[in-house]
Amino acid sequence: MAASNSENDSKNEIPSSSEAEQPQFQAIRMPTMEEIRAQEVWNNCAVRSVVSGVMGGGLGFFMGMFLGALDNPIMQDEMTGRQQFVYNVKQMGRRSLSSAKAFAVMGLVFSAVECVVEKARAKHDTTNTVVAGCVTGGTMSARGGPKAACAGCAGFAAFSVLIEKFFDRHT
Amino acid sequence: MAANNTPAGIDKEQAFGMAEAEMEYRVELFNRLTQTCFNKCVDKRYKEPELNMGENTCIDRCVSKYWQVNGIIGQMLSAGGRPPM
């Protein structure tokens, strides 16, 4: 509050020729009830994780479709063009569905764990991302035994930290 | 100003002074509350203009605790003259 006042005072001392170039400062306005409610809805862990899961599912769907289109059938010489096309479409559909499921689970678990951890700690850190990535990687590779779970945990945690740093690199 | 049509025992000036003191107290409380919880909860390297979830939670807890402590101490001060030490 005091800082912004002194900033505005110093702005008045700058000669008027550069006033037009300075960005216009807007007065502080309190958030409206709609904004507060919208923020409360978005801060809910269930809402956040479901939205993340849906987005992950969409991403996985398109990625699976793309990768399934690149798949070539095994018996390529014996099939006619139409048969190849039908096979390709089925392959794309199958891969996109399985990929969508995997990515949806990944997004849901990651977002839920990160939200819960951040609410518990009341801090915005990279530690939240690390813990969430570890749990997600661990659950996804839990079928391979404890060693695979540890490897998946470490790998996915490192990956999510990298992605987060990448998205915040300009700040 | 003459105390002509005011309730018995309370001067107009006195009531005004009390209201002014109360207002000052409230303003001071609010300013100190926001200052304390801001310094405690918000990271000074501003990365985004809105409060993220961790900061929101921290501010909720900070304000709740501050208010509670303020109420307790106010009660203790108003109840007994001597501190129980």
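Some observations on this one:
- For the residues of A:122-135, the average number of beta carbons from a partner chain within 10 Å of their own beta carbon is 3.
- Two-decimal log10 I(q)/I(0) for the range A:56-171, as the Debye equation yields it once each C-alpha is a single scatterer, q = 0.11, 0.14, 0.22 Å⁻¹: -0.51, -0.71, -1.14
- Protection proxy ranking, peptides B:11-19, A:120-128, average beta carbon neighbours within 10 Å, highest first: A:120-128, B:11-19
- Local electrostatic count at B:MET53 - Lys and Arg +1, Asp and Glu -1, tallied over other residues with Cβ under 15 Å: -4
- Projected-area average for the range A:125-170 over all orientations - Cα convex hull basis, square nanometres: 2.8
- A:LEU97 contributes an accessible area of around 110 Å² to the protein surface, as traced by a 1.4 Å probe with all chains present.
- Interface of A with B. Using a 1.4 Å probe and counting protein heavy atoms only, the two chains hide about 1000 Å² of accessible surface, both sides summed.
- Note that the range B:12-79 carries a Kirkwood radius of 14.1 Å, evaluated over its alpha carbons pair by pair.
- When each of A:LYS165/B:LYS65; A:LYS119/B:LYS65; A:LYS123/A:LYS147; A:LYS119/A:LYS147; A:LYS119/A:LYS165; B:LYS12/B:LYS65 is checked by Cα-Cα distance, pairs over 25 Å: A:LYS165/B:LYS65; A:LYS123/A:LYS147; A:LYS119/A:LYS147; B:LYS12/B:LYS65
- Net length available on complete extension from A:ALA38 to A:LEU70 is 7.3 nm, with 0.36 nm assigned per residue and the Cα-Cα distance removed.
- Largest first, the extents of the alpha carbon coordinates of the range A:98-154 on the three principal axes equal 34, 26, 13 Å.
- When A:THR136, B:THR34, B:THR57 are compared by accessible area at a 1.4 angstrom probe, the order from most to least is B:THR34, B:THR57, A:THR136.
- Isotropic mean projected area of the C-alpha convex hull, the range A:35-108 (nm²): 5.8
- Surface composition of the range A:125-170: carbon and sulfur make up 71 percent of the accessible area, probe 1.4 Å.
- When each of the peptides B:64-76, A:150-162, A:81-93 is scored by how many other beta carbons lie within 10 Å of its residues on average, the order from highest to lowest is A:150-162, A:81-93, B:64-76.
- Accessible surface, per residue, of the range A:96-171 when the full set of protein chains is kept, probe 1.4 Å, Å²: 58
The values are calculated or read from the model by the stated rules, or taken from the named source; none is laboratory data. As the structure is a prediction and not an experimental result, all values here were calculated from the model. Don't worry about glycine lacking a Cβ; one is built from the backbone with ideal geometry, like all the others, and counts go over all protein chains shown. Ligands, DNA and RNA are stripped out before the accessible areas are found, and what is left, the full protein with its side chains, is counted by its heavy atoms. Shrake-Rupley method; radii C 1.70, N 1.55, O 1.52, S 1.80 Å.
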